[in-house]
Amino acid sequence: MTSPDLREKWSAARVRAAHQAPYLATALLSLDPVMVTGTSGELRRFPTDPGWHVYVGIEELARQSVQEVAFWLVHQVTHLLRAHARRYPGGVLEPQREEQHTWNLATDAEINDDLPPDLPPEPATPARLGLPDGWTAEQYWHALRENQPYPPIAPGDCGSGCDGLPRAWDHDLPPAISPTTARLTALDTARRIRERLNAQDDVPAGWRRWADQLLEPSVNWRHHLSAKVRHGLTQAAGRVDYTYRRPSRRAAALPGVVLPSLRQALPSVTVLIDTSGSITETMLARALAEVTGVLGAVGIGRRLLTVITCDARAYRPQTLTRISDLHLDGGGGTDLRAGFAAALATRPPPDLIVAITDGRTPWPHHPPRTRVIVALLDPAGRAPEWAETVRVGGAS
Ligand SMILES: [Zn+2]
């Protein structure tokens, strides 16, 4: 166990980090320290894991100054907020140390492109790599791989929080914060950055770009939504197919005879539309057009597509010939649970539910047996963890 002195040092470092970057205060408080003894220099960067644990080597905590520890806390929480583990472009099945090292340098360069020059000599900066400021980690990664060998930089390891690949010191712990909370923490951090900018406070340019990107994503949501819906359909179809391939128990008694329990070749889909007053019709129309476009392209015709509109209650299920035939009943308060209940009450229940909503609704407490994709129209809205979520927004 740690001495009171070391615990105090840890707290002091966290306070100092929050003082240096006040917009990171919530994120810093979400870090869950795991004290580790008996490691050599491996933990000198206070590495994290994707579940927001920070591995605190007792020897490192004793050796480094409060200022140094604070530097690493800001650094590591930045890896987590910017989802570097999820963005890792290298191989995950046969991890290559070289790839991990290159990604570590690339993400460090993204983090350090606007830090004061007096930072510790270890982490990579664009200048130390001979590359321009202001790039994304992916851009640094490609440049480094094309221009090898790059300038020698002392190898250091920011942990699985940087690339998602397990480390020897990682503990098998439940995440300190859920992926949803992590996402909300990132949005909250981005909003704090915006507030400070509005108040003419100084925020590093890298954080400004990050907040802009997070709050007004220019990524193509149509592409994401289309990919998720296609994947959901494949999964649903695969599940049906699986029941066909698995021999039924009676088949053992009837060798050579296949007894499928196949219900249908194509999955059926219910689109659940939140028609509460808070939804803007333009966004709704765009999301709906996208969903029906994907469904049409894979051959889900009107017979297999049901639309249920829902505000505080669910309206009569509609099967549509044309999208223009849709009646957008509703306009009151929101309770999508009524819509889920109505969707699951149809016989047979749908194989896939696509819910289009701003997320300002209560959600069913338990995941339905049917796969659910949420097209979220408001970046601050909430979707449950059991659903696949696509944030629909921006001009793209
Ligand atoms: Zn790093």
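Tabulated results
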{"item": "Candidate set: segment 81-96, residues that are part of a helix (DSSP H, G or I) and open to solvent by 10 Å² or more (accessible area, probe 1.4 Å); chosen: the one farthest from residue 146 (Cα to Cα)", "result": "81"}
{"item": "Positions within segment 44-60 being under 17 Å from residue 17 (Cβ atoms) and either open to solvent by less than 70 Å² (accessible area, probe 1.4 Å) or not assigned by TED's automatic domain parsing to the domain that holds residue 165 (or both), in sequence order", "result": "45, 46, 47, 48, 52, 53, 54, 55, 56, 60"}
{"item": "Helices (runs of 4 or more DSSP H) wholly inside segment 97-196 containing at least 1 residues that are away from the ligand (no atom under 15 Å from the Cβ) and free of Cβ contacts under 8 Å to residues at least 60 places away in the same chain", "result": "97-111, 126-129, 137-146"}
{"item": "Selection count, segment 61-80, where residues are open to solvent by 10 Å² or more (accessible area, probe 1.4 Å) and touching a helix residue (DSSP H, G or I) at 6+ places or on another chain (Cβ under 6 Å)", "result": "3"}
{"item": "Search result, residues across segment 119-174 that are closer than 18 Å to residue 97 by Cα, surrounded by 14 or more Cβ atoms within 10 Å (Cβ to Cβ) and among the charged types (D, E, K, R)", "result": "138, 145, 157, 163, 167, 170"}
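The values are calculated or read from the model by the stated rules, or taken from the named source; none is laboratory data. In this text the structure is predicted, and so the values were computed from the model without any measurement. Methodologically, a virtual Cβ is constructed for each residue, glycine included, from the backbone with ideal geometry; neighbour enumeration extends over all protein chains shown. Each accessible area value is taken on the protein alone, full model and side chains, heavy atoms only, with ligands, DNA and RNA left out. Shrake-Rupley method; radii C 1.70, N 1.55, O 1.52, S 1.80 Å.
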